[in-house]
Every structure is written in structure tokens, then in C-alpha cells.
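What follows is a single structure, written as C-alpha cells, with notes after it.
The values are calculated or read from the model by the stated rules, or taken from the named source; none is laboratory data. Only a predicted model underlies this, so the values are computations on that prediction, with no experimental measurement involved. Every residue, glycine as well, gets a Cβ built from its backbone with ideal geometry; the counts of neighbours run over all protein chains shown. Surface accessibility is based on the protein's heavy atoms, side chains included, excluding ligands, DNA and RNA. Shrake-Rupley method; radii C 1.70, N 1.55, O 1.52, S 1.80 Å.
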Amino acid sequence: MITDILEKNDFSAADLAELISAENNDDIEFIRNKAYEVMRLHVGEEVYYRGLIEFSNICTSDCYYCGIRKSNTVPKRYTLTKEEILTQAKWCAGEGYGSLVLQSGERNDERFIEYLEEIITSIKNETKSVKLPDGLGVTLCVGEQTANNYKRLFDAGAHRYLLRIETTNRELFEKIHPETQSFDERVNCLKLIKEAGFQLGTGVMIGIPGQTALDLANDLLFFRNMDVDMIGMGPFLANRNTPMYIKGNDSEDEKQKIYRLSLKMIAVARIFLKDVNIASTTALQAMYPFGREEGLRYGANILMPQLTPTEYRKDYQLYDGKPCIDEDADDCAECLEARVKFVGRQVAFDSWGDSKHFKSRVAKSQ
Ligand code: SAH
């Protein structure tokens, strides 16, 4: 029984898989309510924003699922100038968003790292205010790097890093990546990110063809074993210009299934991991217009409003159906706050909203 499992203090892989597999509406509602209660108790009801700037789609990797993989010739490749990024960062600080995420394709060359260092330093210096004495909180999502690069980016002032493991099923990982990428190297990178001093975020795609409920349960166990601070998960949504696109595989039934699975994964992650930050990702909204608000109702506490300048958004489509590619950040800001209020939550402005898990992890190690 789902209710019996929810009473437990700890969960086995089989328990987690059973929760994730719940199909009955009453059972799902029990899980959602439990997740909400755990969220309220451990991280509170506030929602934190991280303005998302997709600053470059140039990528040296070739992940089979990703719309900006290097072999895809459809997107026009771009990199924002430092000034373009600073304009967005200042807008973000002015709106009271306490943090931003700098995301891009993967590059490891010296020029890229220097450019990033310079951008991080400028953002930190130029967004300081009475409310944010240390400037915006900066999260990076720029893929696999060397230990030295992670260290340099941390020293430049970024303090959170997201790198999804994508799936912890090693065979599946190998199926969706070219041979140049390895599961062990990805895990090693997660360790290096933490060693560099970052708050560590990871996550998986949900609904990858061939992925089972037990795989997802093992993903949750992996998050706990890695002692991660933040989780960003979302549905796998095929991009038609990638090898993982299968024509005719986008029936309404299949879509509903992956959508519900994604919401359940958020809820079960909240119940299991308690005090981590969990993002309700844009990919949920790409499936259904109120997907992101639903994510909040299932225990997420982070939203990532789009701050990529409008003219570049069409060239940063990791998956098909990305929402808001024609709107600018002002439109999104108003719309988003109304949506958060609609589900009975408040946005916490002018604060970084660091992961509570990170704070207790650091306190424990001292
Ligand atoms: N290069 C960086 C950031 C860009 S990709 C990195 O590797 O971290 C960011 C995330 O988008 C990936 O980790 C992946 O989980 C997600 N993503 C890419 N293609 C996707 C797709 N087709 N459906 C759903 N999520 C996708």
C-alpha cells in the first residue's frame, strides 16, 4: 500500500519504485500531499527564482538527445557578448531575482574559461546593492570541465553548479551519449564540482525510452549517496533534429504518462531528500501550459524564468515545444509571479535562496 510506504522513515529502491509507479489518482494525491508537507517543514513554502541566461549554444559534445549538439546544423550558433549578459543580469537584480543561472553548450578551451571568469566577476561586482551586498548568486551549467577549470570558475565568484547525470543506468547512459562521453567521468565531474566548493546540483531526464521505474528509484538513491544540494529534473522531450527523435512517438497518451511520471518524481524526490532545492523546470511547461505550477504543487521550490534575449531563444531549443520563445523577460516576469500566486505560493525576492541541505552539509563537516 502506498500509504504504508509513506509512513516509513527510510525507503528501499523497491519502495521508491512503487511510489514512482503509482497510477491511482488517490495514491498520487497522497504522495503529493506528503511531498508538500515535507517541503513546508524542511524548506518552507517560498519560491526562489533563478534567471536563466542561455548565453551560448556552441557545443563540442554530441549528446543524442540534445538540440544544440554539435552535429545539429539547424540552430544558428551564437555567443552573447559580455555587455548583453550584463544587461540581463542587471535587469534580473533590478527585478529582485536573487540569483541567475548561466547555461551554455560545452566548451573547455582557455578562451571560453577566461570569458566566463570575466563575466562572473563583472556580474558579481555590478549587481551589488543594499539588498544584495554580494551581488547576484551565480549558478553555472556549462558541462564537464577539468578540476582546475571548476576551481577557477568558483574563485571567480560562482557558487552553485548544475550538471545532470541524465540517468544512473550505465547502459542507458551509454545508449544516449557518444563513446566520447563516459558515465564514470560524469560522476567524477560531480565530485570535482563539490571539491571546488560549489553547491552541487544534478538531475535526470524522465521518460527516456527504455528507462524503468527502478532506474528512476536508483537515480534518487544516487542523489542521496552523492549528497547533492539541488535537483533539476524534467521530462525527456525529443527534438526532431536529433537521433533520438522517433516519428509518431508523441501520442497524447505517452505525453500524459511522462508528464505524470515527472511530477511524481519531483514529489518522491522531495519526500526522500527533504531539504534540497528542487526546480520545477521549463520542460514541464513545454508539455502543458501549467506544468511548472504543477511542479510547485508537487514539492518543487525553485523556478528558472527565461532571461535569454528573445532573438536567441529559437536557437537554444534543447527539445521541441519550448515555451515563450517569442516573449521578452518583462512579459515573463509578470506572468510568472501571477502563476506562482495562483498556486498559493510567494516568491522570495532579493535573496539567493541557497539550498538548506548545503548549509547543514557544511555544518556537519565542521
Ligand atoms: N551543456 C550543459 C547545459 C546544456 S544541456 C550541460 O551539459 O550541462 C542542459 C540539460 O538539458 C541537459 O543536462 C539535459 O538534461 C537537458 N536536455 C537536453 N536535451 C533534452 C531533451 N531532448 N529533453 C529534455 N531535456 C533535455
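General remarks:
- Residues (assigned to a helix (DSSP H, G or I) and either open to solvent by less than 20 Å² (accessible area, probe 1.4 Å) or free of Cβ contacts under 8 Å to residues at least 24 places away in the same chain (or both)) located in the range 19-36: LEU19, ILE20, ASN25, ASP26, ILE28, GLU29, ILE31, ASN33, ALA35
- Some residue of the range 139-159 being touching a residue at least 40 places away in the same chain (Cβ under 8 Å), more than 23 Å from ILE58 (Cα to Cα) and part of a helix (DSSP H, G or I): no
- For the criterion of being part of a helix (DSSP H, G or I) and either farther than 20 Å from GLU144 by Cβ or of a type in the set (A, V, I, L, M) (or both), GLU118 passes.
- Residues in the range 309-320 that are part of a loop (DSSP other than H, G, I, E, B), surrounded by 15 or more Cβ atoms within 10 Å (Cβ to Cβ) and more than 10 Å from the ligand (Cβ to nearest atom): PRO309, ASP315.
- Test: GLU294 is free of Cβ contacts under 8 Å to residues at least 24 places away in the same chain and not in a loop (DSSP other than H, G, I, E, B): no
- A single entry from TYR259, TYR245 fulfils the requirement of being closer than 21 Å to ASP27 by Cα, within 13 Å of the ligand (Cβ to nearest atom) and surrounded by fewer than 24 Cβ atoms within 10 Å (Cβ to Cβ): TYR259.
- Comparison of ASN72, ASN57, ASN125 shows that the only residue that is farther than 17 Å from TRP352 by Cβ and over 21 Å from the mean Cα position of the chain (by Cα) is ASN72.
- Count of the range 56-95 residues which are more than 14 Å from THR127 (Cα to Cα), acidic (Asp, Glu) and either open to solvent by 70 Å² or more (accessible area, probe 1.4 Å) or within 14 Å of the ligand (Cβ to nearest atom) (or both): 1
- The conditions of being under 24 Å from CYS189 (Cβ atoms), open to solvent by 30 Å² or more (accessible area, probe 1.4 Å) and part of a loop (DSSP other than H, G, I, E, B) are met by ARG107.
- Residue in the range 269-282 that is β-branched (Val, Ile, Thr), within 14 Å of the ligand (Cβ to nearest atom) and farther than 18 Å from GLU337 by Cα present: no
- Residue-level analysis places GLY98 among those that are away from the ligand (no atom under 11 Å from the Cβ) and within 24 Å of MET230 (Cα to Cα).
- Neighbours by Cβ (under 7 Å, 6+ apart or cross-chain): first from the range 190-208, open to solvent by 10 Å² or more (accessible area, probe 1.4 Å); second in a strand (DSSP E or B) and within 16 Å of the ligand (Cβ to nearest atom): LYS194/LEU200; MET205/GLU166; MET205/GLY234; GLY207/PRO235
- Test set (1) in contact with a Leu (Cβ under 8 Å, 6 or more places away or on another chain); (2) open to solvent by 70 Å² or more (accessible area, probe 1.4 Å); (3) under 14 Å from PHE349 (Cα atoms) - GLU126 fails condition number: (3)
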